[in-house]
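So the structure is just underneath, and the comments pick up after that.
The values are calculated or read from the model by the stated rules, or taken from the named source; none is laboratory data. Since the model is a prediction, treat every value here as computed from it, not as a measurement. No Cβ is skipped: glycine too gets one built from the backbone with ideal geometry, and neighbour counts run over all protein chains shown. These area figures cover heavy atoms from the full protein model, side chains too; ligands, DNA and RNA do not enter into them. Shrake-Rupley method; radii C 1.70, N 1.55, O 1.52, S 1.80 Å.
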Amino acid sequence: MAVWYALADLLLSRLDAETAHGLALKALKSGLTRGDRRPDPPSLGVTIWGRQLPNPIGLAAGFDKNAEAPDALLGLGFGLVEIGSVTPRPQPGNPRPRLFRLPEDRGVINRMGFPGQGLDAALTRLQRRPRNGFVGVNVGANKDSTDRAADYVTCGAALAPYADYLVCNVSSPNTPGLRNLQGCAQLADLLKRVQDAIAATPVPLVVKIAPDATDDDLDDIVAVSRDLRIDGIIVGNTTLSRPASLRSARRQEAGGLSGTPLAELSTEVLRRTARRVEGQFPLIGCGGVGSGADAYAKIRAGASLVQLYSMLVYEGPPLVRHIKDELAALLARDGLASVSQAIGADE
Ligand SMILES: Cc1cc2nc3c(=O)[nH]c(=O)nc-3n(C[C@H](O)[C@H](O)[C@H](O)COP(=O)(O)O)c2cc1C
């Protein structure tokens, strides 16, 4: 197993990042990647939206945009997997190359621009899968759409019956203007329309925001979310900022930055979000998680669940088990019997 991963790792790290990602997804789909069936430590169990998850570590959106392998991904040991972002119509996204590794910084820059097979393809796959595990569905808008909110409504209404939670991604930096949907009036309108469209389906509705949100932005986003009784916020997406400490050759590529250089910023924005939410609904922490300590920091800052993507690029599937083992050890070190006792403990 270790040899297989070492070989795969060597091969994948020498390929263009997007080609490597495509191969990894193919391997998962074809069952070439062995899962991790070992049970999780009981302290990692979490209850959210009335559902019990074996652990709080999730795969963030963007890895499996078209719902090609959610079950194989769950089999790697994630407590939850989020597919998408799904847009109503298929679209090619931005020209390649559009995904870059920043190896010296353990970071990634992407300007994918929502390439995807569209709603029908994702819907068909989700309809065919057994309803096991916890799979979130993340929806977005087509680049050339004239009514962006309508795209969220279309995807949300169609996919909600097959989702364990539904995410409105209003924070991708790679679709021009999309982030404007985080503004108070636009966000309220969008979320209200999606809520109305899925009213018959009891699925938690979550909004995913940018780690570049200012305090004023957070005031608005949280006020709207509390007002509409949204079920959660994911903090957050990739950042447009470029920390001065970046060293890798590709650091000035256009797009959203993720991975280690995003960890601190996203945890701080999560903390500031949690202060405003006051426990009214759960938060999901995402950005730069590559260790149990990173996950623990987000939980202590107020996250009920944690997600990751970029560090999987560097570490491969064994990362999931490492993070879980380290998180369980940190809880035990601090005398905490469960993840729930650690949520917001730093406040
Ligand atoms: C290549 C790539 C594609 C992504 N695509 C999406 C997407 O389609 N929808 C979305 O909400 N987030 C997307 N993201 C953002 C991730 O879900 C996550 O929020 C961000 O990368 C921060 O987490 P990380 O540092 O663990 O990668 C993407 C990230 C990467 C690196």
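Quick notes on this structure:
- Pairs, first among the hydroxyl-bearing types (Ser, Thr, Tyr) in segment 292-318, second within 9 Å of the ligand (Cβ to nearest atom), C-beta under 6 Å, six or more apart: Tyr309/Ala60; Tyr309/Gly62; Tyr309/Phe63; Ser310/Val108; Ser310/Ser258; Ser310/Gly259
- Selection status of Ala69, in contact with a Leu (Cβ under 9 Å, 6 or more places away or on another chain) and within 14 Å of the ligand (Cβ to nearest atom): no
- Taken over segment 244-264, residues that are more than 16 Å from the chain's Cα centre (by Cα), within 13 Å of the ligand (Cβ to nearest atom) and either among the small types (Gly, Ala, Ser) or within 15 Å of Gly287 (Cβ to Cβ) (or both) amount to 3.
- Once segment 238-262 is narrowed to residues that are outside any strand (DSSP E or B) and open to solvent by less than 20 Å² (accessible area, probe 1.4 Å), the residue that is nearest to Leu102 (Cα to Cα) is Ser248.
- Residue match in segment 314-335 (condition: farther than 30 Å from Asp217 by Cβ, aliphatic (A, V, I, L, M), in a loop (DSSP other than H, G, I, E, B) and open to solvent by 60 Å² or more (accessible area, probe 1.4 Å)): no
- Test: residue in segment 221-230 that is assigned to a loop (DSSP other than H, G, I, E, B) and open to solvent by 20 Å² or more (accessible area, probe 1.4 Å): yes
- Filtered residues of segment 265-293 (kept if hydrophobic (A, V, I, L, M, F, W, C) and near the ligand (Cβ under 8 Å from one of its atoms)): Cys286, Val289
- Any hit, segment 99-122, residues being closer than 22 Å to Leu308 by Cα, near the ligand (Cβ under 9 Å from one of its atoms) and of a type in the set (Asp, Glu): no
- Considering only residues in segment 81-98 that are closer than 16 Å to Leu178 by Cα and assigned to a strand (DSSP E or B), the one that is nearest to the ligand (Cβ to nearest atom) turns out to be Ser85.
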